[in-house]
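Novice: Pasting a structure here, questions to come.
The values are calculated or read from the model by the stated rules, or taken from the named source; none is laboratory data. All values reported here derive from a predicted model rather than from experimental measurement. Neighbour counts are summed over all protein chains in view; Cβ atoms, including those assigned to glycine, are modelled from backbone coordinates with ideal geometry. Side chains included, ligands, DNA and RNA excluded: accessible areas come from the protein's heavy atoms. Shrake-Rupley method; radii C 1.70, N 1.55, O 1.52, S 1.80 Å.
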Amino acid sequence: MSRFDDTENALIGRLRALKAKPDVTINLLDVIERLGVDGYTPGEIKAVLRALEQDGVIAFATANRILILKELA
């Protein structure tokens, strides 16, 4: 498994732990803090977030939040 895939799995797992679902916003700091503790770099996390945005799964919202657009795979 690549580091990107590992980061993506960890990020989606964290979103699930925060009970993320469509039309709900999640505080991005709640996601990034935990993943940082788990050893993921900000660059790795941003790359996955951008990929999820391009896939239409999330959208960046105001006040350091992300909007969940689709069910998490």
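Novice: With respect to LEU49, is the statement that it is touching a Phe, Trp or Tyr at 6+ places or on another chain (Cβ under 9 Å), open to solvent by less than 90 Å² (accessible area, probe 1.4 Å) and in a strand (DSSP E or B) true?
Specialist: It is false that LEU49 is touching a Phe, Trp or Tyr at 6+ places or on another chain (Cβ under 9 Å), open to solvent by less than 90 Å² (accessible area, probe 1.4 Å) and in a strand (DSSP E or B).
Novice: Residues of region 11-25 being crowded, with 19+ Cβ neighbours inside 10 Å and of a type in the set (A, V, I, L, M, F, W, C), which ones?
Specialist: LEU11, LEU15, ALA20 - these are the residues of region 11-25 that are crowded, with 19+ Cβ neighbours inside 10 Å and of a type in the set (A, V, I, L, M, F, W, C).
Novice: Would you confirm whether any residue within region 53-60 is part of a helix (DSSP H, G or I), open to solvent by 30 Å² or more (accessible area, probe 1.4 Å) and touching a strand residue (DSSP E or B) at 6+ places or on another chain (Cβ under 7 Å)?
Specialist: Yes, the conditions are met somewhere in region 53-60.
Novice: Could you tell me which residue of region 26-43 is nearest to LEU15 (Cα to Cα), considering only residues that are open to solvent by 50 Å² or more (accessible area, probe 1.4 Å) and in contact (Cβ under 8 Å) with a residue 24 or more places away in the chain?
Specialist: LEU29
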